[in-house]
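What follows is a single structure, written as structure tokens, with notes after it.
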Amino acid sequence: MTTLPLIDCSEMLAIDAKTLRHWLRQANIPLHPHPTDARVKCLTMEQVRHLAALHGRALKPHEAPTTSLLETSLLGAPLVPTGTDLALGETPAIQLATDLLKKLSHLNAGSHHAATPCRARSGTAPGAHTAL
């Protein structure tokens, strides 16, 4: 029995994930846990075809995922290096973090222009010091 994650099912039906969940509640169709990650809920291909028939939808072809759920980070970048990244020891997620840090340091470097002197507290003359 082949199971498909809900996100893939909603893409095949060309509907939003919220709409898919609504249709599933209406049809009393149970969800199945993903074989390797129980947090991900799935449908069988037969269930997807049934929903398509109930709502008059044509199914888009299902594209097999190129990476498993364990190889994918929350940002969608593979955690396992591939191709030239393997030789460099960098993943797309690490490269993204490196790029962001470079941009941040560039912004911080630009903010070190001539600082203006701080103003004294209100009620005191500029340059006057208050006794503590």
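The values are calculated or read from the model by the stated rules, or taken from the named source; none is laboratory data. Not measured: the values here are computed from a predicted model. Counting neighbours? That spans all protein chains shown, and the Cβs are built from the backbone with ideal geometry, glycine included.
A residue that is over 23 Å from the mean Cα position of the chain (by Cα), surrounded by 10 or more Cβ atoms within 10 Å (Cβ to Cβ) and at pLDDT below 55 cannot be found anywhere in segment 107-115.
Can you tell me how many residues within segment 8-20 are of a type outside the set (A, V, I, L, M, F, W, C) and surrounded by fewer than 15 Cβ atoms within 10 Å (Cβ to Cβ)?
Count: 3.
Of the residues making up segment 28-87, those that are modelled with pLDDT of 90 or more, surrounded by 13 or more Cβ atoms within 10 Å (Cβ to Cβ) and part of a helix (DSSP H, G or I) are Met45, Gln47, Val48, Arg49, His50, Leu51, Ala52.
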